Amino acid sequence: MMFKLKKKKPARISLLDGPLCPNDLLEQGAGFSVANPNDLCIAPDGSLLVSSGKSILRLTDWEKGVFDLVAEFDHDVSALACRQDGVIAVGLKGAGLRMITQEGAPSPGWHGLETSAQDVQACSFSHSGAILIADAGVGDGHTSLMQDLYSKTGNGRVVQFTEEGDVSVIADKLRFPYGVLETREKEVLVCESWSASILKLAKDKPSKAVLQDAPGYPARINPLSGGGYVLSLFSRRDPLIEFVLSETEFRDRMVAEIDPQYWVGPRFAANTDYKVPIQMGAARLFGDIKPWAPSFSYGLVIILDNNFTPLSSAQSRANGTRHGITSALEWRGDLIAVSKGSDELLKVTSMDQLI
């Protein structure tokens, strides 16, 4: 079957240049093996909370490297946030949200969160103490993720819940919201992955893109102590993906005839299966994979100033393993990140080296 290609306006993808010039900082950093990590947050006592599958772990001292179990659940932990009074918000894949104490016991109040959202990708507390939820509206697994990308419909939303039970939808019809944060000016930021943007939401005003045409798919965003933000991106955008998105006939046939695990699309980890598109293009002489080889997975963290201008980055290129960065933040002066691609918690570098 022949496809007739139509001339369309090409998607814009920011280049990895200037402050985003490729490097190996993620590959060079120290790391701890953590089973199925996803999100991070900092507790009021300064310890680091890390999700690991269905568990939440606490790390008090990096040098000691001892993880203490905080709580376990019946579903995978999909998001974490901690309020200054110690309340921990826990997103559960397919099971809404839970509120627990620092000891892992259920926190009193907060009724109705179990059915509030079925796909909590991120959560954070507002200055008023309410919880903001990025509900992507996507099912579980790589197949659901790819189907959402190629559906081109906005199934996601940002919802605010108060401790008293008040519920308000701040934004809907979002294309895979993966991060949410309230700024010092009490405006809400949401990372919309499939549009490669960060949107600013203000009450009674249209949303405004404060970052557009990102080089990767934005995941979560966290504030820096001296101002600005750290943005994690779970994969690079690839021209081939953007091309398939623009070609309706080809896309429809791919969706109808090909196993979803072999679709053209972003991934959290490198896959050397020859049936995965472009992956075999990474093989070079003697099986060596070059840093600039084609790859649907990548490791990328971007440091942004208060105006969302990139200042620097930490990366793991095509020949690396620390891909799929879903969360990154500043902890005790260092950049800490989660790599789903390598199942690691990373201590990347000192923030002084990035700002």
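At a Förster distance of 41 Å, what's the computed FRET efficiency of residue 257 paired with residue 352, Cβ-Cβ distance as r, to 0.05? Walk me through the numbers before you get to the answer.
Details: r = 52 Å, r/R0 = 1.27.
About 0.20, to the nearest 0.05.
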> By how many nm would the segment from residue 225 to residue 85 grow when fully extended, if each residue of separation counts as 0.36 nm and the alpha-carbon distance is taken off?
Replying inline: 48.5 nm
> With labels modelled as points extended 7 Å from the Cα through the Cβ direction, what inter-label distance (nm, one decimal) is found for residue 30 paired with residue 144?
Replying inline: 3.7
> In nm, to one decimal, how far is the residue 250 label point from the residue 54 one, both placed 7 Å along Cα→Cβ?
Replying inline: 4.2
> Efficiency by 1/(1 + (r/R0)^6): what FRET value for residue 69 and residue 290, r their Cβ-Cβ distance, R0 = 41 Å, to the nearest 0.05?
Replying inline: 0.50
> When the Karplus curve 6.51 cos²θ - 1.76 cosθ + 1.60 is applied with θ = phi - 60°, which whole-Hz ³J(HN,Hα) does each residue of region 202-216 get, with x for Gly and Pro?
Replying inline: 10, 4, 6, 9, x, 5, 10, 7, 9, 9, 10, 6, 4, x, x
> In degrees from 0 to 90, rounded to the nearest 10, what is the angle of the helix 248-257 Cα long axis to the longest principal axis of the chain?
Replying inline: 80
> Can you pull the Rg over Rh of the chain, Cα-only, Kirkwood?
Replying inline: 0.95
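Would you mind checking the pairs 64/347; 173/208; 173/205 and listing those with alpha carbons more than 24 angstrom apart?
Numbers: 64/347 13 Å; 173/208 15 Å; 173/205 16 Å.
In this structure, no pair lies more than 24 Å apart at Cα.
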> Mind checking the angle between helix 141-151 and the chain's longest principal axis? C-alpha axes, 0 to 90 degrees, to the nearest 10.
Replying inline: 70
> Which number do you get for Rg(Cα) / (2.2 N^0.38 Å) in region 1-146?
Replying inline: 1.32
> In nm, what is the difference between 0.36 nm times the number of residues separating residue 169 and residue 21 and their Cα-Cα distance?
Replying inline: 49.5 nm
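Any read-out appearing in this document is the output of simple, stated calculations on the displayed coordinates, not a laboratory observation. In this text, all values refer to a predicted model and were calculated from it rather than measured experimentally. Note that we place each Cβ from the backbone using ideal geometry, even for glycine, and neighbour counts take in every protein chain shown.
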